[in-house]
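What follows is calculated from the coordinates using simple rules that are stated; it is not laboratory data. Since the structure is predicted, the reported quantities are computational estimates derived from the model, not experimental observations. As a convention, Cβ positions derive from the backbone with ideal geometry for all residues, glycine included, and neighbour counts pool all protein chains shown.
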Amino acid sequence: MHIAVLTMFPEYFRSPLDTSLVEKARRLEHLTVEVVDLRAYGTGPHRQLDDAPFGGGAGMVMAPGPLAEALDPLEGTHRVLLTPAGRPLDQATLDRLAEFESLTLVCGRYEGVDERIAEHFIDEEISIGDYVLLGGEVAALVIIEGVVRLLPGVVGNPASIANESFRDGLLEEPQYTRPAEFRGLKVPEVLLSGNHQKVAEWRQRQRLRRTMQRRPDLAADFPDSEDDD
Ligand code: 6GU
């Protein structure tokens with residue numbers, strides 16, 4: 001996969017792209033990332049990217065010219081604008097984005113981008129949640145991490161992707177590792193029992209219970225998810 005990131009803050013991406021599985025994916029050539037400095041497309045001596053909104057009001061708008069020039073060579077890639085006004089990101093969206101050969105992530109700043117860009121130079125608009133950040137950079141990194149771990153060969157054990165929270169609409173059960181007793185705190189007995197059937201039942205019960213408690217919105221899709229424990 002190739003990802004182009006359009007941003008006013010290219011330095012934002014250095015260490016995240018050089019760390020962890022993202023670095024490994026780049027090293028193994030599952031992934032190439034090109035960070036494009038939008039400032040290079042700005043106009044005037046200050047390489048300006050924003051302008052006042054038509055109709056008045058507070059805040060500034062990212063002007064269409066520089067964005068269009070940066071996006072022209074990326075026609076044919078799947079172009080995503082990161083904005084709090086976009087559709088909320090979820091696992092299904094990441095699964096879908098991971099199928100593209102070439103993604104472009106446009107990091108919005110200021111009050112927004114000129115709507116003509118959103119309508120004619122962008123394929124979809126995505127938000128990472130119901131809160132406001134300074135810009136789309138963190139959201140672009142969220143998408144890069146979410147997508148990279150789905151690329152074949154990047155995560156060692158594909159089962160760890162297949163079994164996770166959200167893939168079947170439930171949160172994951174609690175996990176424990178050694179020691180079996182830590183500062184007087186014990187691991188649930190059933191996990192030490194060696195009874196695989198009992199363990200599987202316990203895990204499923206924990207998943208339902210956790211989802212009910214923490215994410216009743218998700219649990220609503222599971223009519224059989226009474227809190228029976
Ligand atoms: Cl994509 N951008 C900004 N600025 N704020 C956000 C967001 C994006 N998603 C949630 N909040």
ask   = Using DSSP loop states and a limit of at most 13 other Cβ atoms within 10 Å to flag trypsin sites (Lys or Arg not before Pro), what is the longest stretch of the chain containing no flagged site?
value = 1-166
query = Which loop-located GluC sites (Glu not before Pro) does segment 1-89 contain, where loop means any DSSP state but H, G, I, E or B and the Cβ has at most 15 other Cβ atoms within 10 Å?
reply = Glu29
query = Which whole-Hz couplings ³J(HN,Hα) result when phi for each residue of segment 128-136 is put into the Karplus expression 6.51 cos²θ - 1.76 cosθ + 1.60, θ = phi - 60°, listed in order with x for Gly and Pro?
reply = 9, x, 8, 7, 10, 9, 5, x, x
ask   = In nm, what is the difference between 0.36 nm times the number of residues separating Glu201 and Phe222 and their Cα-Cα distance?
value = 5.9 nm
task = Only loop residues by DSSP count here, and only those with at most 11 other Cβ atoms within 10 Å; note down the GluC sites (Glu not before Pro) in segment 152-224 that meet that.
result = none
task = Based on a Kirkwood Rh over C-alpha pairs, give the Stokes-Einstein translational diffusion coefficient of segment 163-221 at 20 °C and viscosity 1.002 mPa s in µm²/s.
result = 170
task = Using amide H atoms built 1.01 Å from N in the peptide plane, name the residues 5+ places from Thr83, or on other chains, whose amide H lies under 5 Å from its own.
result = Ile126, Ser127
inquiry  = For the chain, what does the helix formula give at 222 nm: sum of -39500 (n - 2.57) over DSSP H segments with n ≥ 4, over the residue count, nearest 500 deg cm²/dmol?
reply    = -8500 deg cm²/dmol
inquiry  = I'd like the chymotrypsin sites (Phe, Trp or Tyr not before Pro) in segment 1-58 restricted to DSSP loop residues with at most 12 other Cβ atoms within 10 Å, sorted by number.
reply    = Phe54
